[in-house]
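The structure under discussion appears below in the form of structure tokens.
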Amino acid sequence: MASTNLQSNFNNPTQFIEGWYWALPSKKLKIGKVKAVTLLGRNLAIYRGFSGEVIAVDAYCPHFGAHLAEGKVEGDSIRCFFHNWKYDQRGICVDIPSLEKPLPVCINTWKTAEKYGMIWVWVGEGKPNSLPFVPELEDVDCDYILGTRFIKNCHPNVLLINAIDAHHFNTVHNLPLEIVFTSQNLNPNAITFSNITRGGDDSWFIRLIRPLYRNEVTYSMCYWYGSTGTVTLGPDFLHFYIIFSLQMIEGGKTEGQTILVTPKRPGFLGWFVNPILLWLTQRVGNYFAKGDTQVFQTIQFNLQTPTKADQSILQFIQHVNHQKSLTWGTWETLNDSNIKNLSKSNSELTLMEQEKHEFKI
Ligand code: FES
Ligand SMILES: [Fe+2]
């Protein structure tokens, strides 16, 4: 059902982008077990059938409304605790013990996938688009560990722009060089921002490590569905990969999970080096998170006065506003034609005004 909501997607607590969202860690769901999960305001029961497949269904049994996570997994089906109706992996009712034949009822099922140690749910209609991946590692077999799970008092979109807020790298994180991003659309649902500067010649630290790398230090961020960000960071010979996978919880706040990733390495090298690299990656990830923890508790995001350094953030806002969106809680599709009309936000206009002004000077 189309809604008449005319709001843009960015930093909006009542709607979100159709896409893949993490639900829970794979290893938290053993074969034959079922968990209650609330995802983007909708209650689900997610279980692992005896084939190993993960099945996500709407939580409430169409008979009396019992939560199916109280039920029992049988094969790849789920049996409701209350009166024992059974639903197969397509959500179709296949057994009602008190009746000779099941009734023609079913529950909604949602597509799932497992990647980087997480169970992901496709929240949307039709065929799913691509699962989030680190662009350099699209077809690479990886090792990974799950880092911290966290709650933040602001919207996922706002938290994610921290990684491309070039200006604050200097003011908050004391980075001794200037970062300048170039953006590129990876596909319709993913946009990358990559650093293109070397800089830092007046820093002794940068001069010290410069012989170790030929090109600029790689720093790139890839945003998926406005909610998952993959960071690629490091000199040519060693890249660190950190995934910040976020989802919006009640009140437009954020629940997130960091995932640390490194390519699989063969034999002893992999066995010995990869755990150390993942540990190091986690330290790098923590460094990122450190320093601005408090500001995300209190921020009321409103980019009223953008400068040139905020250009990437405006591009990200525009990207998010062009994505197909769904309503929080119901997962109903919003009418996306209204989103298209929002290509120029107030902030963008303000920046254009400012550029005109700078030009005159
Ligand atoms: S509520 Fe599920 S079978 Fe009755
Ligand atoms: Fe930061």
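The values are calculated or read from the model by the stated rules, or taken from the named source; none is laboratory data. The structure presented is a predicted model; accordingly, all values stated were derived computationally and were not measured. For neighbour counting, all protein chains shown are included, and Cβ atoms are generated from backbone atoms with ideal geometry for every residue, glycine included.
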**Request:** Could you please give the count of residues in segment 75-93 that are crowded, with 16+ Cβ neighbours inside 10 Å and either of a type in the set (A, V, I, L, M) or under 32 Å from the mean Cα position of the chain (by Cα) (or both)?
**Result:** 9
**Request:** Just one of (1) outside any loop (DSSP other than H, G, I, E, B); (2) at pLDDT below 90; (3) within 16 Å of ligand 2 (Cβ to nearest atom) trips up Leu159, so point out which.
**Result:** (2)
**Complete:** Scanning segment 143-172 residue by residue, those of a type outside the set (S, T, N, Q) and within 17 Å of Ser220 (Cβ to Cβ) turn out to be Leu160, Ile161, Ala163, Ile164, Asp165, Ala166, Phe169
**Complete:** Within segment 120-129, the residues that are part of a loop (DSSP other than H, G, I, E, B) and surrounded by 15 or more Cβ atoms within 10 Å (Cβ to Cβ) are Gly124, Pro128, Asn129
**Prompt:** Of all residues in segment 286-307, which are more than 9 Å from ligand 2 (Cβ to nearest atom), more than 15 Å from Arg149 (Cα to Cα) and either of a type in the set (D, E, K, R) or surrounded by fewer than 15 Cβ atoms within 10 Å (Cβ to Cβ) (or both)?
**Reply:** Tyr287, Gln294, Gln297, Thr298, Gln300, Phe301, Asn302, Gln304, Thr305, Thr307
**Prompt:** Of the residues that make up segment 86-99, is at least one away from ligand 1 (no atom under 16 Å from the Cβ) and either at pLDDT below 95 or among the hydrophobic types (A, V, I, L, M, F, W, C) (or both)?
**Reply:** no
**Item:** Selection status of Tyr47, modelled with pLDDT of 95 or more, more than 17 Å from Trp120 (Cα to Cα) and aromatic (Phe, Trp, Tyr)
**Value:** no
**Complete:** Over segment 94-118, the set of residues surrounded by fewer than 18 Cβ atoms within 10 Å (Cβ to Cβ) and assigned to a loop (DSSP other than H, G, I, E, B) is Ile96, Pro97, Ser98, Leu99, Glu100, Lys101, Pro102, Leu103, Pro104, Val105, Asn108, Lys111
